[in-house]
Amino acid sequence: MENMPLYSLTAMRSMEVIDVNTGTKLGYIRDVKLDCENYRVVSILIPSMKMSWFSKNDFIEIPWENVQKVGVDVILVDGGNILEEKKS
């Protein structure tokens, strides 16, 4: 197995998440979902742009499989069908 870079959650929270399909800036990671039995990241959670006075924070959940690349200061994701579902 080749050497894979390791990132802390704190470091990843400071990286902007960008959709590779549209170039849209989605925001910054707010949290992650973990599978503790298999020791892996399941998805990343990004606050939704939509906010209202009467609803709690809504999150966009992006499966870890959709993360294309973690760079120096950005995280590139394939947000195609996930963002389409959010618009509906």
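Structure summary
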| read-out | value |
| --- | --- |
| Candidate set: the range 11-21, residues that are part of a loop (DSSP other than H, G, I, E, B) and free of Cβ contacts under 8 Å to residues at least 60 places away in the same chain; chosen: the one surrounded by the fewest Cβ atoms within 10 Å (Cβ to Cβ) | Ser14 |
| Sole residue being surrounded by 14 or more Cβ atoms within 10 Å (Cβ to Cβ) and either more than 19 Å from Pro63 (Cβ to Cβ) or not aliphatic (A, V, I, L, M) (or both), chosen from Tyr28, Tyr7, Tyr39 | Tyr28 |
| Hits in the range 1-18 - residues which are at pLDDT 85 or above, closer than 15 Å to Val67 by Cα and of a type outside the set (Val, Ile, Thr) | Tyr7, Leu9, Met12, Arg13, Met15, Glu16 |
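A quick yes/no check of all residues on (1) in contact with a helix residue (DSSP H, G or I) (Cβ under 7 Å, 6 or more places away or on another chain); (2) at pLDDT 95 or above; (3) over 19 Å from Pro5 (Cβ atoms):
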position	(1), (2), (3)
Val41	yes, no, no
Asp73	no, no, no
Asp78	yes, no, yes
Asn81	no, no, yes
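The values are calculated or read from the model by the stated rules, or taken from the named source; none is laboratory data. Since this is a predicted model, take the numbers as computed values, not measurements. Methodologically, a virtual Cβ is constructed for each residue, glycine included, from the backbone with ideal geometry; neighbour enumeration extends over all protein chains shown.
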